[in-house]
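Notes to accompany the following structure.
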Amino acid sequence: MDTLTRERMLDTNRMTERTQKNLWGGRFEGNIDQQFALFNQSFAFDRRLFDADVRASVAHCDGLAGAGVLTLAEAERIKAALATILEGGRSDESYFDRLSPEDVHSFIEARLVEMIGDTGRKLHTGRSRNDQVATDLRLWLRDEIDRLIMSLCRAQTALLDLAEANRDVVVPGYTHLQRAQPVLFAHWCLAYFEMLARDRERFAEVRKRVNVMPLGSAAVAGTSYSIDRKAIARALGFESVSRNSIDAVSDRDFCVEFVSAASLIMLHLSRMAEDIILYATTEFSFFELSDAVATGSSLMPQKKNPDSLELVRGKAGRVFGHLTALLTMMKGLPLAYNKDMQEDKEAIFDTVDTVSGCLSVTATVLQNIRVNELRAREAATHGYLNATELADYLVRKGMPFREAHETVGRIVVHAIEREVELNDLSLDEMKSFSSLIDQDVFESLSLERTLSTKSQTGGTALDRVTEALSAARTKLID
C-alpha cells in the first residue's frame, strides 16, 4: 500500500469517527479539539429533553411517512426502535452513560442507527437540530408549566386552610412596616392567595405561546418535503404551528416569558417568606414554626431558625439572575439560530427546579404554622390603629376629612403623652379637641367596629372575608 493510499484511509477513518460522534461531520476532515468538544457538549443537561425528543421524533416519523419519504414498514421499524430507546432511558439511568454524544439528539440518533442501521439515518430528513430542539424544549416546558400550576394550587390551598383555621384572628396591618390598621389574619392570607392566582393566570398565558410547534421549520428556510405540519402538531398536542421558519428557530421569547412569570412567583414567595420570618421573631411572636420546617443553631441551644423560608427568600435572586441572563444572551443575536441559545436550557431547567422546590416548601411551611392569637390581637389593639376610625367618626358628624385628620393627630399626640390608647381617653378629654365627639365614639373605636366598617368588596370585614374565602375555594376547584 503506497503512502497516498494510507493517508486517504486514515482521513476516511477520521471522518468516519467524527461522523459517528456528531451529526455534522461530513464537512470536516480533522479531529475536533477535545477541550472544545467538551465545551460544546450539552448532553449533561439537555438529556432532560430525552422523552420530549423521542415523542417529537415519533411524530416527525409519521410526518415523513405521510409525505412518502419513508415507507410504512420503515416508519414502523423506526417507531418500534424509538419505543425501545424510550423504555431504556426511563427504566435504566445508566443507559445514558454508554455513549458520550454531543447532545440528546445525537444520543437518540446514535442509538437508533445502532439498533436498525441505515433506516435510522432517514429519520432526520426534513428537520434540523434547530427546529428539533425548539420543539423539544416547548414540549418539555409545556408539561412543566402544567406541573407548576398544580404546585401553585397546592400553595393556595395551604393558604386557605391556614386562613380558615384562624378565621377570627386579628393581626395588625402594616404600611412602611409600621402598624397601620387591624385586619383579619385570613385577609392577610387572601392577599397572598391573590398574588398566586395572578401567577397561575400568567403561566396559563405563557403556556399558550409555548404551545406553538416549530417542527418543520428545519434550519432556517423551512422544509422542502411535503410534511403535514398541522397533523404533526395535533399529534403532539400543539395548538398551532409557527408561521415563519426564521422566527421559529431563533425565538426564545417563550423562555424569557416563562422565567419572567417565574420571577414574579419567586418575588411573591419571597415577600411571604419575609412576612413569616418577621412574624415568627420574638419581637413579633405572631407565629411559631413547627420543628418540621425550622432548624437550630450549632452554638446557641435556644435558637429556632426559619431556614426553610430564608432559603426561599434567597433563591428568588437565583431566578431573577436567570431572567437577566436570558435577556442578555438574546439581545445581540442576529437571525436565526446561534449556539449562544444553548445557554437557554440550564436557565430554564434550574428555574423550573427552583420554583417547584420553593412552592413545595412554602406549602409545607404554611401547614406548619401556629398562630399566636392573643399576641396578634394585643398588637392589633395597641399603637393607635383605630385613629382612622376616629377621623371617619368625625367625618360622619359633619367635619371635613382634612380637618378631622388634623384633629385626630392632635388627639393621638395627647394619648401618647398620657401613654394610653385612644379608647382609654375620657369623653371629656376627647371633647376638648372637638365638640362633635359624643359617647358613641367608644363604640366606633372598638376593634369589632373597626373591622366591620371595612365592608366593601375587598375589605377586611368578617362577612367580606368569609365570602372571599368561599369564592377562593370555588375558584381553586374550578
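In the set 240, 151, only one residue is open to solvent by less than 70 Å² (accessible area, probe 1.4 Å), among the small types (Gly, Ala, Ser) and more than 30 Å from residue 368 (Cα to Cα); that residue is 240.
The listed residues are 56, 80, 67, 73, and the only one of them that is buried (at least 16 other Cβ atoms within 10 Å of the Cβ) and modelled with pLDDT of 95 or more turns out to be 56. Listed by position, the helices (runs of 4 or more DSSP H) contained in the stretch 359-478 that have at least 3 residues being open to solvent by 10 Å² or more (accessible area, probe 1.4 Å), free of Cβ contacts under 8 Å to residues at least 40 places away in the same chain and out of contact with any strand residue (DSSP E or B) (no Cβ under 7 Å at 6 or more places or on another chain) are 387-396, 401-418, 427-431, 462-477.
Of all residues in the stretch 106-137 being polar (S, T, N, Q) and not in a helix (DSSP H, G or I), which is nearest to residue 225 (Cα to Cα)? Filtering the stretch 106-137 for residues that are polar (S, T, N, Q) and not in a helix (DSSP H, G or I), the one nearest to residue 225 (Cα to Cα) comes out as 125. Being out of contact with any Gly (no Cβ under 9 Å at 6 or more places or on another chain) and either open to solvent by 40 Å² or more (accessible area, probe 1.4 Å) or within 27 Å of residue 333 (Cβ to Cβ) (or both) is a property that holds for residue 262. Of the helices (runs of 4 or more DSSP H) contained entirely in the stretch 39-101, those carrying at least 1 residues that are among the acidic types (Asp, Glu) and under 23 Å from residue 130 (Cβ atoms) fall at 43-46, 50-66.
Among the numbered conditions (1) loosely packed, with under 13 Cβ neighbours inside 10 Å; (2) touching a Ser or Thr at 6+ places or on another chain (Cβ under 8 Å); (3) of a type outside the set (S, T, N, Q), the only one that residue 317 does not meet is (2).
The values are calculated or read from the model by the stated rules, or taken from the named source; none is laboratory data. Here the structure is a predicted model, which means the values were calculated and not measured. No Cβ is skipped: glycine too gets one built from the backbone with ideal geometry, and neighbour counts run over all protein chains shown. Ligands, DNA and RNA are stripped out before the accessible areas are found, and what is left, the full protein with its side chains, is counted by its heavy atoms. Shrake-Rupley method; radii C 1.70, N 1.55, O 1.52, S 1.80 Å.
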